[in-house]
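The values are calculated or read from the model by the stated rules, or taken from the named source; none is laboratory data. Small disclaimer: the values here were computed from a predicted structure and weren't measured. For neighbour counting, all protein chains shown are included, and Cβ atoms are generated from backbone atoms with ideal geometry for every residue, glycine included.
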Amino acid sequence: MNVILAGPSALEKIAFVILAIGVLGGALVTITRKNAVGAIIALVGTFCAMAGLYATLSAHFLAVLQILVYAGAIMVLFIFAVMIVNKDDAHPIALRGLFVRAAGVLATGYMFYRVAWIVVRERQTDVLATTITLPIPGYGNVASIGRLLFSDFLFPFEAVSLLLLAAVVAGVLIARPTRPGGATNSGGVA
Amino acid sequence: MPGHYYILVSLALFFIGTVGALLRRNALFVLMSLELQLGAGSLALLTFARGLGDQRGHVVAFFVMALAAAEAAVGLAIVVSVYRARKTIDLDAISELRN
């Protein structure tokens, strides 16, 4: 089965370009907004476009989970935090130490340029070139991922559930407002 | 689409997240940049999982997602708590441990 020779269809190319522009444009809007609510809406758009990219990679379960967890749960948390904090940035870009930060951005930019160069150079290798071959039947659906989660990855799965429980308890404990007795938790958790 | 396009998108997304985390002073925006970076990592994982035909990459991306949820819960609780105590979430203003 020489699926590689077929190449991506026109529809697949158009979908990829639209979704990639959605992801990168949404991310750029997110980090440049002064208004936190606008940034959160752009972030929701970014995550929805990213779910589309996951779907084009045949990761259907992860695509649905991305929308449920990121665009649903995590963004609601952010909205609630903005509701409590609600401060727009007067000067969104840090001015103090700008030279050091600019040097950091330039250094990371150079690093990512080098990595991108390596990726383009190695684009003919098996792992990167065979993305368009047909995966095994049932690839990426709920049944096969769930079977993997509850067999090979059972212990990490339970550990992650414990981590989530600890994070929820810690979140409630840290964000708890001043207690009626007069003691505050601003200095630490009592 | 060939996999290297996905990896390039993932790299660009991670770079945008890094720039946001480095340049913004508002703690909320730094947390959002961290979410972008985690998403970029998941995208690369799923691309290589597809290239190798191995679904274990999906499981790791699933764990990354759970980790992002835990990080957002604790991070936002800390932001709210700091705002209650200091009336600011400007990361340059919260610098007692710097010197």
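Results, tabulated for the structure shown:
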quantity: Single residue of B:I89, B:I94 found to be surrounded by fewer than 17 Cβ atoms within 10 Å (Cβ to Cβ) and touching a helix residue (DSSP H, G or I) at 6+ places or on another chain (Cβ under 8 Å); calculated: B:I94
quantity: Meets criteria (at the interface with another protein chain (Cβ under 7 Å from one of its Cβ atoms) and surrounded by 22 or more Cβ atoms within 10 Å (Cβ to Cβ)) for B:G57; calculated: no
quantity: Residue match in the stretch B:43-50 (condition: more than 7 Å from every other protein chain (Cβ to nearest Cβ), over 26 Å from A:A107 (Cβ atoms) and either surrounded by 19 or more Cβ atoms within 10 Å (Cβ to Cβ) or touching a residue at least 40 places away in the same chain (Cβ under 8 Å) (or both)); calculated: yes
quantity: Residue within the stretch B:7-16 that is in a helix (DSSP H, G or I), buried (at least 24 other Cβ atoms within 10 Å of the Cβ) and touching a residue at least 40 places away in the same chain (Cβ under 8 Å) present; calculated: yes
quantity: Residues located in the stretch A:39-62, provided they are within 23 Å of A:V127 (Cβ to Cβ), surrounded by fewer than 24 Cβ atoms within 10 Å (Cβ to Cβ) and either touching a Lys or Arg at 6+ places or on another chain (Cβ under 7 Å) or of a type in the set (D, E, K, R) (or both); calculated: A:S58
quantity: Pairs, first without any contact (Cβ under 8 Å) to a residue 12 or more places away in the chain in the stretch A:141-158, second surrounded by fewer than 16 Cβ atoms within 10 Å (Cβ to Cβ) and among the basic types (K, R), C-beta under 7 Å, six or more apart; calculated: A:L148/B:R56
quantity: Test for B:R56: is it within 21 Å of A:L24 (Cβ to Cβ) and over 13 Å from the mean Cα position of the chain (by Cα); calculated: no
quantity: So B:L97, is it closer than 21 Å to A:R101 by Cβ and within 11 Å of the chain's Cα centre (by Cα); calculated: no
quantity: Matching residues in the stretch B:62-86 - criterion: being more than 7 Å from every other protein chain (Cβ to nearest Cβ), more than 30 Å from A:A59 (Cβ to Cβ) and surrounded by 15 or more Cβ atoms within 10 Å (Cβ to Cβ); calculated: B:V82
quantity: Test: A:L149 is modelled with pLDDT of 75 or more and within 9 Å of another protein chain (Cβ to nearest Cβ); calculated: yes
quantity: Among residues of the stretch B:72-90, those that are touching a residue at least 12 places away in the same chain (Cβ under 8 Å) and under 19 Å from B:L36 (Cα atoms), counted; calculated: 4
quantity: Yes/no for A:R96 being within 29 Å of B:L22 (Cα to Cα), at the interface with chain B (Cβ under 7 Å from one of its Cβ atoms) and modelled with pLDDT under 75; calculated: yes
